[in-house]
Structure formats: C-alpha cells, structure tokens
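Derivation of every value follows stated rules applied to the coordinates shown; laboratory data play no part. Since this is a predicted model, take the numbers as computed values, not measurements. For neighbour counting, all protein chains shown are included, and Cβ atoms are generated from backbone atoms with ideal geometry for every residue, glycine included.
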Amino acid sequence: MPEKKVTAAALAGAISTILVWVLHLAGVDMPAGVASAITTVLAAVAGYMAPHTHRPDLAEPAEKKPATT
C-alpha cells in the first residue's frame with residue numbers, strides 16, 4: 001500500500017495537469033513554465049498536508065540512553 005503522502009502528491013499533480021488542460025480549452029494561454037510550477041506547488045502542498053501512513057512493520061526507534069562520564 002503506498003504512503004498517503006505519495007498518493008496525495010501524485011493526485012495533485014494529475015489534477016493540476018487536467019486543470020491546465022481545461023484552462024487551455026477555455027482559451028487561457030499559460031506558459032509551460034507556469035503550468036509546471038503550478039503542478040509542483042500543488043503536489044508539494046498536498047504531500048505536506050496529507051497524513052503520515054503508520055507503518056507497524058517498522059521497528060520503533062531505540063530510546064536514547066543517558067551518556068555516562
């Protein structure tokens with residue numbers, strides 16, 4: 001099962017690509033660099049906002065032991 005953050009970023013990228021295509025059909029002229037930037041920003045925001053997928057198969061980090069001198 002993929003990480004929720006990866007899924008959210010991939011969906012945001014696909015949705016922004018479709019949005020740019022629809023805007024093109026509506027007569028909005030958008031440079032390729034701007035379309036790419038929109039995709040990047042939306043994917044980054046979606047990945048940041050998506051919840052972390054708990055992975056019970058991964059071991060918990062070892063607790064730090066106090067340093068002795």
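Some points to look at:
- Under 5 Å from the amide H of Ala50 lies no amide H of any residue 5 or more positions distant or on a separate chain, with H modelled from the backbone and absent for Pro and chain starts.
- Converting phi to 3J(HN,Hα) with the Karplus coefficients 6.51, -1.76 and 1.60 and the offset θ = phi - 60°, the stretch 38-45 yields 4, 4, 5, 5, 5, 5, 5, 5 Hz in sequence order, with x at every glycine or proline.
- ³J(HN,Hα), Karplus 6.51/-1.76/1.60, whole Hz, each residue of the stretch 23-35, x for Gly, Pro: 4, 5, 5, 7, x, 7, 8, 10, x, 4, x, 5, 4
- Simple spin-label estimate for Met49 and Ala32 in nanometres, 7 Å along Cα-Cβ: 2.9 nm
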